[in-house]
Amino acid sequence: MFNDIGPLELVTLVVLAVLVFGPDKLPKVIQDVTRTIRKIREFSESAKQDIRSELGPEFKDFEFEDLNPKTFIRKQLDNDELGLKEIRNGFDLKKEMAEVTDAVHSTDTSPSASSSPSSSSGASGGRVDMTKKPEDDDRPPFDADAT
């Protein structure tokens, strides 16, 4: 509840409380505040129990903390029903990037592929050589009406 209050701030609050309420009224004020906090907690717990009983048995594992979007998403991603862990563990980004880089930078320099008739169409082994300039017969016909 007070996670963001430091020790210096806490001491400052205590000194202010002593100055505002006085040392003789301070214990009574503390008791009233703690009693009010306790009643609010009891009220919220009874409201949660009423909501759970109204939802029925299919929502027995329902938690109100799941209504927070971050908690809900974290819980769903940790759930292994979708198989996301296998996908995440089976995917190696560095390996995939290395394969793509090799595919982009590779050139087929084997003599049999350059002399074969299929290489004149611009494809070598299913890959297109982007470094080779297209020949005149590989160009599509020019259509003056299309431009």
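The values are calculated or read from the model by the stated rules, or taken from the named source; none is laboratory data. Values in this document were obtained by computation on a predicted structure and should not be read as measured data. Don't worry about glycine lacking a Cβ; one is built from the backbone with ideal geometry, like all the others, and counts go over all protein chains shown. Surface accessibility is based on the protein's heavy atoms, side chains included, excluding ligands, DNA and RNA. Shrake-Rupley method; radii C 1.70, N 1.55, O 1.52, S 1.80 Å.
With a 1.4 Å probe and every protein chain left in place, tell me how much accessible area LEU67 has, in Å² to the nearest 10.
We get 120 Å² for LEU67.
From the backbone phi of segment 48-56, what are the Karplus-calculated ³J(HN,Hα) couplings (6.51 cos²θ - 1.76 cosθ + 1.60, θ = phi - 60°) in whole Hz, Gly and Pro given as x?
Result, rounded to whole Hz: 4, 5, 5, 5, 5, 5, 6, 5, x.
Contour minus end-to-end for THR71 and ASN3, with contour as 0.36 nm per residue of separation and end-to-end as the Cα-Cα distance? Provide the component values of the computation, followed by the final result.
On the way: separation 68, 0.36 × 68 = 24.48 nm, distance 1.86 nm.
My answer for the length gained is 22.6 nm.
For THR101, what accessible surface area do you get with a 1.4 Å probe? Give it in Å², rounded to 10.
60
Would you mind getting me the FRET efficiency between ASP78 and ARG35? Use the beta-carbon distance for r and R0 = 35 Å, nearest 0.05.
On the way: r = 39 Å, r/R0 = 1.11.
So, using R0 = 35 Å, E works out to roughly 0.35.
What does the charge count near PHE72 come to, summing +1 for each Lys or Arg and -1 for each Asp or Glu among other residues with Cβ under 12 Å from its Cβ?
-1
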